[in-house]
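Just below is one structure, and these are the notes that go with it.
The values are calculated or read from the model by the stated rules, or taken from the named source; none is laboratory data. Since the structure is predicted, the reported quantities are computational estimates derived from the model, not experimental observations. Reconstructed Cβ throughout: ideal geometry from the backbone, glycine too, with neighbour counts over all protein chains shown. Surface accessibility is based on the protein's heavy atoms, side chains included, excluding ligands, DNA and RNA. Shrake-Rupley method; radii C 1.70, N 1.55, O 1.52, S 1.80 Å.
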Amino acid sequence: MADKSPLRRWKRFFPAFGAIDAAIESALGCSRDKHRRVRGDLVEKLCDCDAAGDGSGTEALCLLLDQAMVEALQTLRLVPATPAMLTSTTDVAGAVADLRGHGSGRVRALARRVLDGWRASVERDLARARAALEALSRIPREDETAAAAPPSARDARSGREPKVLVANVKRAAMVPRPKKMPSGVCGAGGEKTGDAKRKHPGGYCREAEDVKRQRKVPEMVGQRSTKANPTMEMKERSRASLRAGD
């Protein structure tokens, strides 16, 4: 009969009050000191009644403790199921799980609801995290897009450069290079110097044309003078005929 006394039935559930109070205070920022004082008075009276053998008084005090646990569990349902809270050193999840074996049916039902709510909340958070991770996995990393394509296995065995790099080198070689201007030639309308005429391939042709032009000038002047004076032309013809008769 001693094992079935209300005090002994409640004794293993007392630590659950401390774990639940710590979780509520950490998440909601409210003090649970008033509830601690009330429960402390109840436990002290329960011990006195149990020592005196007052069975009716002990049962009444146990009902008050059941109500205090119901209030704590209902407040705990408002606390979000965060990883920090569920993995805390107070082990609130383990304490609530132990309340599923409590003597009060109302306490057992609330303990199951709290655990089911935490489990559903964690599963929703995991689903959101998986969706976010999948969306990020479709975006290439910056270092992956900037890195050059690795050589193929065949190129690595043969020691050849990757085809992409070889094609880029050939394309760069096909670009025509700008022609260099001959030394001595001034840019933007400047005149050529003597050295440029000698070095430039077209300088010799221009010099030859200048010499021919200078030789033709006296012949053209003589032809113009005889055509302009007919008397002089007749005299020249008579002199030529006399020279032929002699």
Among the candidates PHE17, PHE13, residue that is among the aromatic types (Phe, Trp, Tyr) and touching a Lys or Arg at 6+ places or on another chain (Cβ under 9 Å): PHE17
Where VAL70 falls short, out of the listed (1) of a type in the set (Val, Ile, Thr); (2) closer than 13 Å to ILE20 by Cβ; (3) open to solvent by 30 Å² or more (accessible area, probe 1.4 Å): (3)
Any hit, the range 77-90, residues being open to solvent by less than 80 Å² (accessible area, probe 1.4 Å), among the polar types (S, T, N, Q) and either assigned to a helix (DSSP H, G or I) or without any contact (Cβ under 8 Å) to a residue 40 or more places away in the chain (or both): no
Residue under evaluation ARG108, criteria (1) buried (at least 16 other Cβ atoms within 10 Å of the Cβ); (2) in contact with a His (Cβ under 7 Å, 6 or more places away or on another chain), criterion not met: (1)
Filtered residues of the range 101-140 (kept if of a type in the set (Ser, Thr, Tyr) and either within 23 Å of the chain's Cα centre (by Cα) or outside any loop (DSSP other than H, G, I, E, B) (or both)): SER121, SER137
Search result, residues across the range 1-27 that are out of contact with any Cys (no Cβ under 8 Å at 6 or more places or on another chain) and open to solvent by 80 Å² or more (accessible area, probe 1.4 Å): MET1, ASP3, LYS4, ARG8, LYS11, ARG12, PRO15, SER26
Residue in the range 34-51 that is touching a residue at least 40 places away in the same chain (Cβ under 8 Å), in a helix (DSSP H, G or I) and loosely packed, with under 15 Cβ neighbours inside 10 Å present: yes
